[in-house]
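Enquirer: Questions regarding the structure given below will be posed in turn.
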Amino acid sequence: MDPVSLIRPNIRALKPYRSARDDHHSGILLDANENSLGPVLPHPDALHRYPDPHHTALRARVAAFRGCRPEQVFCGSGSDEAIDLLFRLFCEPGTDRVVVCPPTYGMYSVAANIHDVQVRTWPLTPDFQLDWSTFEAATAGATPKILFLCSPNNPTANDLRRADLERAVATFPGIVVVDEAYIDFSEQASFIRELDRHPNLVVTQTLSKAFGLAGIRLGFAFAHPSVIAHMMKVKAPYNLNRMTLELAEAAFGHTDTLARNVDLLKRERDRLMAAFAAFPAVRKVHVSHANYFLAIVDQAERVYRDLAAAGVVVRYRGNEPGCADGLRITVGSPEENDILLQRFAEVTA
């Protein structure tokens, strides 16, 4: 498959905005109407200068860490920017459609609605896996442009079976997005290593979860170089600020801390899940491969409100398909988790 053939014709023909930093990024820079006297607040970095619009250094660091090539990497303001750009690249407003697999991350449908793209649903099975018996019904008619698959899935926390993911990428006639926001907590290998085999594959990741950098809003898309080139063409010229770029580059020099934190969170996750399974009010604790888990709780909505009133905030997910009475609980620090267990015991006594 040639993924460029799926891109909207007006995007393929688009002549992107060319910024001053596309042409020159060093020397006496008098070309971009910046304030040459510097920023109004003291800072060691050149905040009065625009950042690198190509994110060259960061893309090289990310590619080295994830085992791909820099031309296969897109850097955006959270993975949500990558998702938005995929709609802008591939989907004609008012004409095209995409497929999502509920229960799953809600931004896929929100982005579709923003871009006036129809959403078709391919519901997961009761154990939150892909249901091939309903695939043809979900994709019947005009060929959908994008299939969104989240693994580990949000809000259910489980990996989708790798064989099912491979089958989806190999058989779906459009772009397949595998959202790996929580992949560092999973034992399943990333699909980034499959990019050269599947030109229609896009993998999204983020620094918000395992790296603990939600506040800098940085996410990635990994894809065929031609797809990345078109994403770079459509994005805002300076979509990432200089401080975000510098913090992100520095983060890849602390992968030992990343490994320790992931290990601790996984051990705390297992401790919490075992403790929750023993509570009389908890009917089920679903398997988790992420830094959160889904628990099915008696009177879940009341418990959610009572926990919040007691100063412990979890996420009520009982309104999602297949998640009735579900609470999504993020793994905290050991001290936070102790308080959670104490408060949960109190509000369910």
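The values are calculated or read from the model by the stated rules, or taken from the named source; none is laboratory data. Here the structure is a predicted model, which means the values were calculated and not measured. Every residue, glycine among them, receives a Cβ derived from its backbone with ideal geometry; neighbour counts consider all protein chains shown.
Enquirer: Could we say that V176 is in contact with a helix residue (DSSP H, G or I) (Cβ under 9 Å, 6 or more places away or on another chain), aliphatic (A, V, I, L, M) and part of a helix (DSSP H, G or I) here? I'd like the intermediate steps shown before the answer.
Expert: Working: in contact with a helix residue (DSSP H, G or I) (Cβ under 9 Å, 6 or more places away or on another chain): yes; aliphatic (A, V, I, L, M): yes; part of a helix (DSSP H, G or I): no.
Criteria not met by V176.
Enquirer: A111 versus (1) of a type in the set (G, A, S); (2) in contact with a His (Cβ under 7 Å, 6 or more places away or on another chain); (3) part of a helix (DSSP H, G or I): which is the lone unmet condition?
Expert: It is condition (2) that A111 fails.
Enquirer: Let me ask something else. Give segment 114-150 a look and list any residue that's assigned to a loop (DSSP other than H, G, I, E, B) and over 15 Å from R161 (Cβ atoms), or say none.
Expert: H115, D116, V117, P123, A140, G141, A142, T143, P144, K145
Enquirer: With the condition kept exactly as written, say whether any residue in segment 204-225 is part of a helix (DSSP H, G or I), modelled with pLDDT of 95 or more and over 17 Å from the mean Cα position of the chain (by Cα).
Expert: yes
Enquirer: Checking the condition farther than 21 Å from W122 by Cα and either surrounded by fewer than 19 Cβ atoms within 10 Å (Cβ to Cβ) or among the small types (G, A, S) (or both), which residue from R161, R197 passes?
Expert: R197
Enquirer: Regarding segment 125-148, can at least one residue be identified that is crowded, with 20+ Cβ neighbours inside 10 Å and within 14 Å of the chain's Cα centre (by Cα)?
Expert: Yes - at least one qualifying residue is present in segment 125-148.
Enquirer: So, one more: Can you say whether L124 is within 21 Å of V203 (Cα to Cα) and in contact with a strand residue (DSSP E or B) (Cβ under 7 Å, 6 or more places away or on another chain), as far as the supplied structure shows?
Expert: Working: within 21 Å of V203 (Cα to Cα): yes; in contact with a strand residue (DSSP E or B) (Cβ under 7 Å, 6 or more places away or on another chain): no.
When the stated conditions are applied, L124 does not pass them.
Enquirer: I'd like the residue in segment 164-194 that is free of Cβ contacts under 8 Å to residues at least 40 places away in the same chain, surrounded by fewer than 19 Cβ atoms within 10 Å (Cβ to Cβ) and under 22 Å from V287 (Cα atoms) and, out of all such residues, is nearest to the chain's Cα centre (by Cα).
Expert: For segment 164-194, the residue satisfying everything is A189.
Enquirer: To continue, here is another question. Identify, from the list D131, D164, D179, the residue that is modelled with pLDDT of 95 or more and under 29 Å from G212 (Cα atoms).
Expert: The match here is D179.
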